[in-house]
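Here is the structure we will look at, set down as structure tokens.
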Amino acid sequence: MPDTEFIDKVAFITGAGSGIGRATALAFAAAGATVVATDLDNETAAATADLIGQQGGRALGLACDVTHNDDIVAALNATIDTFGHLDIAFNNAGIEQPVAPLADISENDWDRLVAVNLKSVYLCMKHQIPLLLKAGGGSIVNTSSGAGVIGIRGQSAYTAVKHGVIGMTKSAALDYAATGIRINAICPGIIETPMMGRFSGGTPEGRERVIAQEPVGRMGRPEEIASAVQWLSSDLGAFTTGHALVIDGGQTVGL
Ligand code: NAD
């Protein structure tokens, strides 16, 4: 029997052209949701929507640069024009920081990380919340990181913005707790995606170095993050709001 848990739900996902965003888009669609797959890269967003279509699901692929307010408004308008409502948002688009001690982080890199990984979450929620209020409630999940709950050498800017995502998530969750909108964050550990390939250098030694940080002895799979986003967005998570869910194979447990 097909999974119909999210039937009649419309899920809007940023950074859906790759990695965790694509896996989550596919997972929501497999569970019956209609998916709006957005990405900076128009082609990868369209490819995610095509994959969903090939699997019998319903999806729209859209270009959306989450650093541009107008792009976000246009993508959400297209969501409503096409599907009529919004129920679930996964604000996931993000970039990595070149490894460097704080004094060597360029102002450009700092500003870019704040814009893509932090301000974008504010902008997305700012425009999603009125739509969720109209729908009578819904779920927002924001992508933080293990770097949102610990310090990491060489990652001052990335850890700053990922800690910021959690603070914003908790406060916004309180703002809207009584309205039926739940707002949570996820904190993935080391997940095998193109981003992690770039971060590790893509070499066998680089892979070993990052895997060595994982008590379970392997990287996580994007699908293992998607399932957590789904749980938080489902009725099973109905009493969970303002939570930052760490899914990291134990990476941050023993530190
Ligand atoms: P990825 O690079 O595979 O995918 C990120 C996607 O975001 C890409 O498709 C990219 O085009 C898109 N993107 C980048 N800038 C954008 C912009 N300005 N507007 C819209 N889209 C943009 O990376 P991933 O590993 O899937 O990462 C997804 C999220 O998970 C990020 O927020 C990342 O910080 C976070 N995260 C990843 C890991 C990991 O180990 N991979 C761990 C913790 C947190």
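What is the percent carbon and sulfur in the accessible area of segment 10-247, measuring with a 1.4 Å probe over the protein chains and ignoring ligands?
Numbers: 5680 of 10320 Å².
Carbon-and-sulfur percentage of accessible area, whole number: 55.
Helix 222-233 sits at what angle to the longest principal axis of the chain, using alpha carbons and giving 0 to 90 degrees rounded to 10?
The two axes meet at around 50 degrees.
Please identify the trypsin sites (Lys or Arg not before Pro) of segment 136-190 that satisfy two criteria: DSSP loop assignment and at most 13 other Cβ atoms within 10 Å. Which are they? Don't skip to the answer; put the middle values down first.
Details: sites: Arg153, Lys162, Lys170, Arg182; in loops: Arg153.
For trypsin sites (Lys or Arg not before Pro) across segment 136-190 that sit outside H, G, I, E and B with at most 13 neighbouring Cβ atoms in 10 Å, the list reads Arg153.
Which residue, Asp81, Asp175, Asp70, tops the fluctuation ranking in a GNM of the chain built on C-alpha contacts under 10 Å?
Highest fluctuation of the listed residues: Asp81.
Starting from the Cα gyration tensor of the chain, multiply each eigenvalue by 5, take the square root, and state the resulting semi-axes largest first in whole Å. Don't skip to the answer; put the middle values down first.
Working: eigenvalues 153, 77, 67 Å².
Output for the chain: semi-axes of 28, 20, 18 Å.
Could you sort 5-13, 209-217 so that the peptide with the highest average Cβ count within 10 Å comes first and the rest follow in order? Kindly include the intermediate steps, with their values, before the conclusion.
On the way: 5-13: 22.0, 209-217: 13.7.
With the highest mean Cβ count within 10 Å placed first, the list reads 5-13, 209-217.
Roughly how many Å² is the accessible area per residue of segment 17-128, as a whole number, for a 1.4 Å probe? Numbers along the way, then the final one.
Numbers: 4860 Å² over 112 residues.
Normalised by residue count, the accessible surface of segment 17-128 is 43 Å².
Comparing Gln155, Gln128, Gln54, which has the greatest mean-square fluctuation in the GNM of the chain with Cα pairs linked when under 10 Å apart?
Judging by the Gaussian network model, the answer is Gln54.
For the chain, set up a Gaussian network in which alpha carbons nearer than 10 Å are linked by springs, and say which option among Gly146, Gly21, Gly206 fluctuates the most.
Highest fluctuation of the listed residues: Gly206.
Can you tell me the 0 to 90 degree angle between the C-alpha axis of helix 69-83 and the longest principal axis of the chain, rounded to 10?
40
Rounding to the nearest 10 and keeping the result within 0 to 90°, find how far the Cα-based axis of helix 42-54 lies from the longest principal axis of the chain.
For 42-54 against the chain, the angle is about 60 degrees.
How high is the relative contact order of segment 111-211, in percent, with contacts defined as C-alpha pairs under 8 Å that are six or more residues apart?
Numbers: 110 pairs, mean separation 30.5, N = 101.
Reported as a whole number, the value is 30 percent.
Report the relative contact order of segment 64-135, percent, no decimals, based on alpha-carbon pairs under 8 angstrom and at least 6 residues apart.
On the way: 47 pairs, mean separation 34.0, N = 72.
Taking the mean separation of contacting Cα pairs over the length of segment 64-135, I get 47 percent.
Please work out the Cα center distance from segment 95-152 to segment 10-77, rounded to the nearest Å.
Between the Cα centre of segment 95-152 and that of segment 10-77, the gap is 18 Å.
For a quick size check, give me the Cα extents of segment 105-255 along its three principal axes, largest first, whole Å.
Principal extents (Cα only, largest first): 50, 37, 26 Å.
Given the options Leu123, Thr4, Val161, identify the residue whose Cα lies farthest towards the positive end of the charge dipole of the chain (+1 on Cβ of Lys, Arg; -1 on Cβ of Asp, Glu).
Towards the positive end, the residue furthest out is Val161.
Assuming a strict under-16 Å limit between Cα atoms, what lysine pair count do you get for the chain once near-sequence pairs (fewer than 8 apart, same chain) are dropped? Working shown, then result.
Working: Lys9/Lys134; Lys119/Lys162; Lys119/Lys170; Lys126/Lys134; Lys126/Lys170; Lys162/Lys170.
The result is 6.
With +1 on each Lys and Arg Cβ and -1 on each Asp and Glu Cβ, and nothing else charged, work out how big the dipole of the chain is about its Cα centre, in Debye to the nearest 20.
Working: 16 positive and 26 negative charges, 99 e Å.
My answer is approximately 480 debye.
The values are calculated or read from the model by the stated rules, or taken from the named source; none is laboratory data. In this text the structure is predicted, and so the values were computed from the model without any measurement. All Cβ positions, glycine included, derive from the backbone under ideal geometry; neighbour counts span all protein chains shown. SASA here: full protein model, heavy atoms, side chains in, ligands and nucleic acids out. Shrake-Rupley method; radii C 1.70, N 1.55, O 1.52, S 1.80 Å.
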